Amino acid sequence: MIHNRLMQIILGFAFIYSLLTFQLFGQVVTPGLNIIAKPIMPAASGWSKINSVGGEYKDGNGKRKLDGDDIYNLEVEGSTGIVGLSMGNVDIDAYIDEARFDTKNDATSDATSDGDYINDYSETYISLSLTGEGDVIVGAAIHELTKSIFSASNGDEDVRIKQSGLIGSFSVKVFESVFLGGGVERISETSSLTLDNEWTNATAGIAFWFGQETDSQFRVEASVTESPKAEKAADPDDTKSSAYHPNSRTNRINLDLMINGLLFSYANISQITSQEITNSSTGESVDKSETSINEGSVQWIPEEGMILGFAFKSFVHKEIYEENIDSFKINLGFIF
Amino acid sequence: MKNILILLSILVFGSINVASAQVATPSLDPTNPVEIAAAASWRFGSTVGGGGKFGTQKSDSEQLDSNTLSNLSGVAFVNSSYIFAYQPTSVTFEISGIVNETDYQWDGSDSSSDTTSDNLSEYESNEIHVKIAIRGNNQVSVGIEYQSENYKDASSDTKLTAYGGSFGMRFLDNIFIAGGLNKKTLKADEFESDMKWQELIAGIAFQFGSPDQKMFKVEGAIKIEDEANVNLSNSTLSFYRPKTVTTQGSIETILGGYLLSYRYRRILYEAIDDIVLDKEREVTRNRIGLGYRSTVLTAVLYGETRIEKEDSNKYETQYLGFNVSFSFM
């Protein structure tokens, strides 16, 4: 029972911090006009024929509320480096994303423990995409996530979780300015606390993109990702706990409007995860958690030269408690 | 129910100290810093300069409908400022600040008893603003900025930091629009946690001519800062910062090397619903400037009035300031 509760807490933290760093700009079928935007499916990057390098710094804070009371202060800080290279029919994209989450007891909370939890998150990605005849692009990528999550219940030892993903995807231009695509990601998870686990995410999307390769463009992309439930039950003689990955559906929508090189972007992601979570102190339980993220950004995108931009992002996560985090991003890059 | 308390000194932050009214485009006096980073892209070259300003309280007998009890016999305000703007290409960097500002905060009416206290409390502040902006195709601009202010009076020592982003667009060569968003954080030892709020700014300007010949500019802008509050440490009291709405407009012209300017600014501190008997407060500032601008040298003298009103009570200050800068196009 204690293990189950501990697992809920750890999975909750791991899940939330994954969402906080989630890439919003919907690069499932077509590439984001924001060159700092991390791709989700590798084939999407193939439509971009620019070479670019960029970085982003993010800083945010918020609170977790339980029964209307502030219980945690949350702080987020991180950075991203991304590069995209286009060589004829071959495109290579890569990024690295690092973030640190600091969770502290709110001064007004009734917590008796001196809560101050540092959780680290690191993500790497490298992809190759090939543009073929007939406006079809296929791509493959290696995607790795590592999380180090503080656990007071685990003897103050960090729980280390590593997710290794292999992605395959395609994107097709079906009509002028209309794109369809999708892909799968096979994820293998290892954890210092639980048994190894694995599952396959499936993603599909549609995009409309007008004014491609000009300085005034409009792009809208919608996509959905289904992540199935996956569990590995521990035997009595196992040294590790059971592994559990909840079923979830993620919907994304992204709008890009570029006017004379000035890019305005809006993105929304909403995710519903089916999992029963119980408040151990009140007995109250929920059978799903909901996450909503909104981001708005402005960026200067030249044909060549330096880019500069900023973004504001809001994150809301609801289950037995509610978390709200607002963050600000600065990005800088170069198109060559 | 928690007791409540307003920290009036917080009112000064981000509303009074800003020396310019330049949201969409820079002032024709290049010594004035821009108010949002994106506007810096429309500067005409690099500038280094500074200025000074001092103010006096209007005597008590001259304060309309006033019962101001505190009477300052000498200087009621003094500060010095500096600016360094560097524009090597389409990228513009701007660093500006105010050094050793001394001013007096009027407490208006006592909200808890609805009686007039009319006291003035002295405070000192320093601030620095760092901005970077990039201009694209001479038509669009994007900027980011950071701001830090230290404030100290007899009872508190606080620090304000802010960061944000902004953008600007130019239409038909002469029309400029701009918008920006800043996140502000106020830290104080007395606070249980940081006080945070958001500021939204938008502006439009019409600008004609060239600074080395004839030039005319008119600009209007609005700035909205959210209400914020924070609990006091080891207390049931809270600090409140009211929602503020600032509207401003300016007209500037350069004719035969002379620079003439007028700026109007109105800051409205809205009454806070949670606080019984809290009242709306209005600050009105009118500033005129007269100076000389050549290709390199700009020197401008400013005269300004500030009228702060709460109900029929009033506190008025008059200012005199000067700016000198050297520009390199």
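Each part reduced to its alpha carbon centroid, region A:46-67 and region B:269-329 end up 39 Å apart.
Grab the beta carbon distance between A:LYS318 and A:SER192, set R0 = 22 Å, and tell me the FRET efficiency rounded to 0.05. So the FRET efficiency works out to roughly 0.15.
Averaged over peptide B:130-143, the number of partner chain Cβ atoms lying within 10 Å of each residue's Cβ comes to 5.
Quote the FRET efficiency, to the nearest 0.05, computed for B:GLU124 versus B:VAL324 with a Förster distance R0 of 25 Å and r equal to the Cβ-Cβ distance.
Values: r = 24 Å, r/R0 = 0.96.
FRET efficiency, B:GLU124 to B:VAL324: 0.55.
Gap in Å between the Cα centre of region A:134-193 and the Cα centre of region B:132-190? Each part reduced to its Cα centre gives a spacing of 37 Å.
Translational diffusion coefficient, Stokes-Einstein: compute it for region B:207-287 using the Kirkwood radius over C-alpha pairs as Rh, at 37 °C and 0.692 mPa s, and state it as an integer in µm² s⁻¹. Don't skip to the answer; put the middle values down first.
Values: Rh = 15.6 Å.
In µm²/s, the coefficient is 210.
Please state the relative contact order of region B:201-296 as a whole percent: Cα pairs under 8 Å, 6+ residues apart? Kindly include the intermediate steps, with their values, before the conclusion.
On the way: 209 pairs, mean separation 21.9, N = 96.
After rounding, I find 23 percent.
Over region A:150-244, the fraction of Cα-Cα pairs per 10 Å bin, rounded to whole percents and listed from the shortest bin up, is 14, 29, 23, 16, 13, 5, 0. Close amide H pairs (under 5 Å, H built 1.01 Å from N) link A:SER177 with no residue at least 5 positions away or on another chain.
With each label modelled as a point 7 angstrom along the Cα→C-beta vector, the A:THR124-A:VAL136 pair spans 3.3 nm.
If you count, for every residue in A:262-269, the Cβ atoms of partner chains within 10 Å of its Cβ, what is the mean?
Values: counts 9, 3, 1, 0, 0, 0, 0, 0.
That works out to 2 on average.
In chain A, Rg over Rh equals 0.98, where Rg is the alpha-carbon radius of gyration and Rh the Kirkwood radius from pairwise Cα distances.
Any idea what the alpha-carbon Rg over 2.2 N^0.38 Å comes to for region A:188-250?
Details: Rg = 19.6 Å, N = 63, 2.2 N^0.38 = 10.6 Å.
For region A:188-250, the normalised Cα radius of gyration is 1.85.
Here the sum of -39500 (n - 2.57) over DSSP H runs of 4 or more residues, divided by the residues of chain A, equals -2000 deg cm²/dmol at 222 nm, to the nearest 500. Computed over chain A with a Gaussian network model linking Cα atoms closer than 10 Å, the most mobile of A:ALA234, A:ALA94, A:ALA43 is A:ALA234. Between the Cα long axis of helix A:2-20 and the first principal axis of chain A there is an angle of about 20°, rounded to the nearest 10.
Inter-chain Cβ neighbour count for B:76-83, averaged per residue, equals 0 (cutoff 10 Å, partner chain atoms only).
Take the Cβ-Cβ distance between A:PHE175 and A:THR200 as r, set R0 to 35 Å, and report the resulting FRET efficiency rounded to the nearest 0.05.
Values: r = 30 Å, r/R0 = 0.86.
Step by step, r from the Cβ atoms, then E = 0.70.
What does the extension gain come out to for B:VAL91 and B:LEU268, with contour length at 0.36 nm per residue minus their alpha carbon separation? So the extension gain works out to 60.2 nm. Among A:ALA44, A:ALA233, A:ALA222, determine the one that fluctuates most according to a GNM of chain A built with springs between C-alpha atoms less than 10 Å apart. Highest fluctuation among the options: A:ALA233.
Just so you know, all these numbers are worked out from the coordinates, no wet-lab data involved. Values in this document were obtained by computation on a predicted structure and should not be read as measured data. Quick reminder, even Gly has a Cβ in these numbers, built from the backbone with ideal geometry, and neighbours come from all protein chains shown.
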